[in-house]
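The values are calculated or read from the model by the stated rules, or taken from the named source; none is laboratory data. For clarity, every value in this text was computed on a predicted model and none was experimentally measured. Here the Cβ positions follow ideal geometry from the backbone for every residue, glycine too, while neighbour counts run over all protein chains shown. Please note that ligands, DNA and RNA were not included when accessible areas were found on the heavy atoms of the full protein model with its side chains. Shrake-Rupley method; radii C 1.70, N 1.55, O 1.52, S 1.80 Å.
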Amino acid sequence: MNTIADKRTRRHTIAVLVDNEAGVLARVVGLFSGRGYNIESLTVAEVDATAHTSRITVVTSGTPDVIEQIEAQLRRLVPVHRVVNWTTDKPGVEREMALVKVAGQGDKRVEAMRISQVFRARVVDTTHTSFVFEITGGPDKVDNFIDLMRPLGLVDVSRTGVAAISRGPEAM
Amino acid sequence: MDKDGMMNRLAEDVVTLSGAEMVIRALKDQGVAHIFGYPGGAVLPIYDALFAVEGLTHVLCRHEQGAVHAAEGYARSTGKPGVVLVTSGPGATNAVTGLTDALMDSIPLVVLTGQVATHLIGNDAFQECDTVGITRPCTKHNWLVKDVNDLSRVLHEAFQIATTGRPGPVVVDIPKDIQFKKGAYVGPESVSHRTYRPKTEPELGSIVRAIELMAAAERPVFYTGGGIINAGPEASRLLRELVRTTGFPITSTLMGLGAYPASDPQWLGMLGMHGTYEANLAMHDCDVMICLGARFDDRVTGKIDAFSPNSKKIHLDIDAAQINKNVRVDVPIVADAAKALKEMLHFWKTQRRKVNAPALKDWWKQIEEWRGKKSLSYRQSNSVIKPQYAIDRLYELTRDREVFITTEVGQHQMWAAQRFKFEGPNHWMTSGGLGTMGYGLPASIGVQVAHPDALVIDIAGEASVQMTMQEMSTAMQYGLPVKIFILNNQYMGMVRQWQQLLHGGRYSHSYSEALPDFVKMAEAFGCVGLRAEKPGELDDKIREMIDVKRPVLFDCRVDPKENCYPMIYSGAAHNEMVLSDAGDETPEVTEEGKMLV
């Protein structure tokens with residue numbers, strides 16, 4: 001063999017800058033489903049209205065070989081301007097927002113409130129029997145918060161998926 | 001110039017046309033001479049604009065799949081894009097097989113589909129389908145044009161994207177109201193795509209590393225593919241120069257046949273599942289593999305983790321996504337094949353590189369030993385026509401002419417690839433990646449449209465050819481004297497072969513108990529029908545087929561049980577080839593192997 005291939009699966013955050021044209025998201029998503037790659041989260045919005053560009057941030061997982069293929073296949077799509085892997089190409093910061101609904105009364109309600117303060121979550125809706133928390137952070141932090149809320153009456157979660165950007169003064 | 005004058009000048013530059021007229025104008029501006037199509041409700045305005053046009057010939061096929069395959073044959077035999085015009089709904093869905101075929105084999109096609117009017121899109125209108133949705137995964141790119149002022153730009157972009165970089169099919173979906181509306185037409189020169197920039201220039205550092213590896217090689221082999229053909233005749237010429245300069249052996253994929261002349265002593269024949277013993281053993285044992293315009297397809301590599309275990313690999317491809325996809329390589333070169341080959345030759349000469357001659361001599365000695373196995377030999381018969389014999393006679397009796405060969409898919413395709421000797425590029429048209437039965441007959445029609453005076457032969461099987469048989473009617477309508485040479489063994493031969501080898505001889509639904517009388521069928525179409533049943537009559541019948549200046553269906557009755565060898569069984573490695581089904585050397589197919597297609 002030429003090289004001992006690294007078979008370890010790792011999570012990668014990949015940003016794709018695309019022309020904001022009809023069907024471009026379907027091209028990106030179709031590429032993942034058609035070639036059997038996994039999408040863990042997906043965030044899409046127009047980022048420059050005058051240049052008609054949108055930014056798609058995909059969190060995926062795979063071995064280094066698979067990730068190399070994913071990036072190459074993305075670059076092949078005609079409306080794609082740039083592809084950057086924040087996990088391997090350059091250091092980035094990533095954030096995700098989640099709305100987390102917890103229902104309950106008594107000690108559990110107090111404990112949910114106490115933990116939300118530790119995580120710097122905000123309360124955006126409250127009733128006598130429920131809270132909706134808004135939490136922002138890396139995906140791991142959001143995961144942890146949700147796990148902690150589970151025994152305290154977790155009833156619903158809505159996550160935005162990851163937004164990521166590079167450290168330092170340069171653009172993507 | 002005053003302001004009014006400026007406005008007047010601008011008004012003169014802008015041509016106002018209907019959408020349908022724009023389509024015709026754009027095709028002419030792109031140098032298109034032939035289109036293949038089938039009319040229907042959603043493209044009537046375009047057909048109306050086509051009615052009185054001169055210099056643009058429309059070939060009416062009998063099915064949209066046939067139109068797309070014909071365009072593929074046209075494209076592959078000319079290097080120019082094939083153009084197709086079909087209607088919405090079933091017109092578009094019938095084109096999907098051809099689009100996928102062209103995507104897999106990197107064939108430049110521009111397919112124009114009609115669509116229901118924009119205000120009806122999404123309403124489940126008559127003959128509506130989500131054409132861009134359906135064709136997104138089987139095109140290089142596609143567009144739905146919702147503004148007539150975008151139409152000419154999109155059409156020119158479509159030609160640019162189809163023909164540059166790694167070529168491929170594109171679809172432009174044009175709603176019927178857009179075909180009627182008037183708008184501004186722009187010419188091809190004023191169009192520049194916002195994002196599409198295919199990389200064609202090689203990095204010289206990787207060229208130099210490749211040359212170093214080649215000069216030090218003891219057991220080198222060139223492994224070339226369809227990318228050389230797609231890069232144009234200059235790439236084939238440069239390949240020949242490089243191969244002769246180095247003296248290295250060369251093999252090729254199914255798609256690459258003809259890029260290097262089969263009569264040359266350095267040619268090892270095709271490699272892969274039904275490749276020659278010497279080609280596959282050279283691939284397995286080489287120390288430097290120079291892969292040019294091929295993509296390490298599973299039909300080529302066999303068992304992937306036993307593939308050429310001790311070689312350094314150079315991989316030239318215009319598509320960066322092919323690098324390290326199936327096999328990790330040591331020196332990647334992402335570039336146009338002709339440009340990269342030119343640089344390789346340049347550096348080889350200016351750096352005064354020499355091959356390792358003593359090692360190369362030993363390597364050739366080894367290869368000659370493998371060649372001595374004569375892996376393409378077969379047992380001749382006096383009573384029944386062996387399919388291999390039929391191909392050999394077809395080759396011998398046509399070799400003094402310019403001959404283009406298309407095929408269907410199956411045993412006959414492999415026998416044709418193994419035995420027909422191609423001397424130049426663009427003369428061999430076969431469905432490689434997708435393996436589309438029914439490709440060859442319509443493809444031969446496209447080839448004949450482009451080369452009216454050449455001898456165009458579809459080497460077919462009786463099963464495949466029935467999938468697109470209706471296109472004989474197209475051949476008649478346009479006086480295209482294609483020769484459909486059917487190796488009729490009454491079985492889906494390759495299916496039968498696999499059932500014999502992998503499924504205990506249970507020939508489940510691979511025998512056609514009722515076949516048409518192909519001679520009568522030919523006559524029904526107005527073509528010429530010929531039949532050969534004995535080896536002794538074959539030559540005369542083939543000569544008759546060549547001499548007839550009309551389309552011919554040739555029913556060549558061959559041995560129904562002949563298997564195609566040599567063969568690498570599913571899940572086996574290159575050095576585990578089976579040369580014939582004579583007895584004990586037939587290996588067990590592994591459970592893993594049975595899972596593979």
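With unit charges on the beta carbons (Lys and Arg positive, Asp and Glu negative) and the dipole taken about the Cα centre of the protein assembly as shown, which residue among A:Ala49, B:Val334, B:Trp267 sits farthest to the positive side?
Positive-most Cα among the choices belongs to B:Val334.
Any residues in segment B:190-229 that have 10 Å² or more less accessible area with all protein chains than in their chain alone, probe 1.4 Å, and which are they?
Residues shielded by partner chains are B:His193, B:Arg194, B:Thr195, B:Tyr196.
Using protein heavy atoms only (no ligands, DNA or RNA), what is the total accessible area buried between A and B, 1.4 Å probe, nearest 100 Å²?
1700
With a 1.4 Å probe on protein heavy atoms only, tell me which residues of segment A:22-45 lose at least 40 Å² of accessible surface in the complex relative to the chain by itself.
So the qualifying set is A:Arg27.
Within 9 Å, Cβ to Cβ, of B:Asp362, how many net charges do the neighbouring residues add up to if Lys/Arg are +1 and Asp/Glu are -1?
Residues close to B:Asp362 contribute a combined charge of +2.
Where is the GNM fluctuation largest for chain A (alpha-carbon springs, 10 angstrom cutoff): A:Gly34, A:Gly161, A:Gly138?
Most flexible of the set in this elastic network: A:Gly34.
So, for the protein assembly as shown, what is the accessible surface per residue at a probe of 1.4 Å, expressed in square angstrom?
Per residue, the protein assembly as shown has 42 Å² of solvent-accessible surface.
Quick one: pull the percent of accessible area on segment A:4-90 belonging to carbon and sulfur, 1.4 Å probe, ligands and nucleic acids left out.
Carbon and sulfur together cover 52 percent of it.
May I ask for the net charge around A:Leu99, where only other residues with Cβ less than 13 Å from the Cβ of A:Leu99 are counted and Lys, Arg are +1 while Asp, Glu are -1?
-1
Segment B:144-291: percent of C-alpha pairs farther apart than 28 Å?
The share of Cα pairs beyond 28 Å in segment B:144-291 comes to 42 percent.
Give the carbon-plus-sulfur fraction of the accessible surface of chain B in %, rounded to a whole number; probe 1.4 Å, heavy atoms of protein chains only.
Taking all protein chains in place, chain B shows 51 percent carbon and sulfur surface.
Can you tell me the Rg and the Dmax, both Å, for the Cα atoms in segment B:42-168?
According to the Cα coordinates of segment B:42-168, Rg and Dmax are 14.1, 41 Å.
Using a loss threshold of 50 Å², tell me which positions in segment B:123-152 are less accessible in the complex than in their chain alone. Probe radius 1.4 Å, ligands and nucleic acids ignored.
Buried by the other chains: B:Arg136, B:His141.
Would you please name the trypsin sites (Lys or Arg not before Pro) within segment A:98-151 that are DSSP coil residues with at most 12 other C-beta atoms within 10 Å of their C-beta?
A:Arg120
Per-residue Cβ counts within 10 Å, from other chains only, averaged over A:76-82: what number is that?
For peptide A:76-82, the averaged partner shielding equals 5.
Using a 1.4 Å probe over the heavy atoms of the protein chains, calculate the carbon and sulfur portion of the accessible area of segment A:93-165 as a whole percent.
53
Taking 51 Å as R0, compute the FRET efficiency from the Cβ-Cβ separation of B:Thr245 and A:Val47 and round it to 0.05.
According to the calculation, E is roughly 0.50.
Residues of segment A:11-32 with backbone nitrogen within less than 14 Å of a virtual label 7 Å along the Cα-to-Cβ line of A:His81, please, listed as ranges.
Residues A:15-21 fall inside that zone.
Tell me, what is the percent relative contact order of chain B, built from C-alpha pairs under 8 Å that lie six or more residues apart?
Value for chain B: 14 percent.
What per residue convex hull volume, in Å³, comes out for segment A:4-90 when only alpha-carbon positions are used?
Given the Cα convex hull of segment A:4-90, per-residue volume reads 89 Å³.
May I ask you to list the residues of segment B:184-201 whose amide nitrogen lies under 20 Å from a point 7 Å from Cα along the Cα→beta-carbon direction of B:Asp147?
B:184-196
Normalising by the residue count of segment A:93-165, find the relative contact order in percent from Cα pairs under 8 Å and 6+ residues apart.
Averaging sequence separation for qualifying contacts and normalising by length gives 52 percent for segment A:93-165.
So, by mean Cβ neighbours within 10 angstrom, what's the order for B:93-101, B:344-352 with the highest one leading?
Sorting B:93-101, B:344-352 by mean packing, highest first, produces B:93-101, B:344-352.
Which of the pairs B:Lys365/B:Lys561; B:Lys361/B:Lys421; B:Lys520/B:Lys541; B:Lys312/B:Lys342; B:Lys28/B:Lys146; A:Lys7/B:Lys312 have their Cα atoms more than 24 Å apart in this structure?
Beyond 24 Å between Cα atoms: B:Lys365/B:Lys561; B:Lys361/B:Lys421.
Dividing the alpha-carbon radius of gyration of the protein assembly as shown by 2.2 N^0.38 Å (N being the number of residues), what value is obtained?
Expressed relative to 2.2 N^0.38 Å, the Cα Rg reads 1.07.
Rounded to whole Hz and in sequence order, give me ³J(HN,Hα) for segment B:222-236 from the Karplus expression 6.51 cos²θ - 1.76 cosθ + 1.60, θ = phi - 60°, writing x for Gly and Pro.
Each residue of segment B:222-236 in turn: 8, 10, 10, x, x, x, 5, 5, 5, 6, x, x, 4, 5, 5 Hz.
Can you give the calculated 222 nm mean residue ellipticity of chain A, where each DSSP H run of n ≥ 4 adds -39,500 (n - 2.57) and the sum is split over every residue, rounded to the nearest 500 deg cm²/dmol?
After summing the helix terms and dividing by residue count, I get -8500 deg cm²/dmol.
Within the set of other residues whose C-beta is less than 15 Å from the C-beta of B:Met494, count the net charge using Lys and Arg as +1 and Asp and Glu as -1.
For residues surrounding B:Met494, the net value is -2.
Could you size up the charge dipole of segment B:288-443 around its Cα centre, putting +1 on the beta carbon of Lys and Arg and -1 on that of Asp and Glu, and report it in debye to the nearest 20?
Using Cβ point charges on Lys, Arg, Asp and Glu, segment B:288-443 gives about 600 debye.
Which whole-number value in Å³ per residue fits the convex hull of the alpha carbons of segment A:93-165?
For segment A:93-165, the hull spanned by Cα atoms encloses 70 Å³ per residue.
Sort B:Asp336, A:Asp6, B:Asp540, B:Asp453 by heavy-atom solvent-accessible area, probe 1.4 angstrom, most to least.
B:Asp453, B:Asp540, A:Asp6, B:Asp336
Would you mind calculating the gained length between B:Val548 and B:Asp298 on full extension (0.36 nm times residue separation, minus the Cα-Cα distance), in nm to one decimal?
Once the chain is fully extended between B:Val548 and B:Asp298, it gains 85.9 nm.
May I ask for the distance between the Cα centers of segment A:27-47 and segment B:74-130, given as a whole number of Å?
Spelled out, the Cα-based centre of one part sits 25 Å from the other.
So, R0 is 25 Å and r is the distance between the beta-carbons of A:Asp147 and A:Thr127; what FRET efficiency does that work out to, to 0.05?
Plugging the Cβ-Cβ distance into 1/(1 + (r/R0)^6) gives 0.60.
Would you rank B:Lys594, B:Lys365 by solvent-accessible area, highest first, keeping every protein chain in place and using a 1.4 Å probe?
Putting B:Lys594, B:Lys365 in descending order of accessible area: B:Lys365, B:Lys594.
Just A:Ile135, A:Ile70, A:Ile115 to compare: in a GNM of chain A, with alpha carbon springs under 10 Å, which one fluctuates most?
Of A:Ile135, A:Ile70, A:Ile115, the most mobile in the Gaussian network model is A:Ile115.
Once you have all Cα-Cα distances for chain B, histogram them in 10 Å bins from zero and send the whole-percent values.
3, 17, 25, 25, 18, 9, 2, 1, 0, 0
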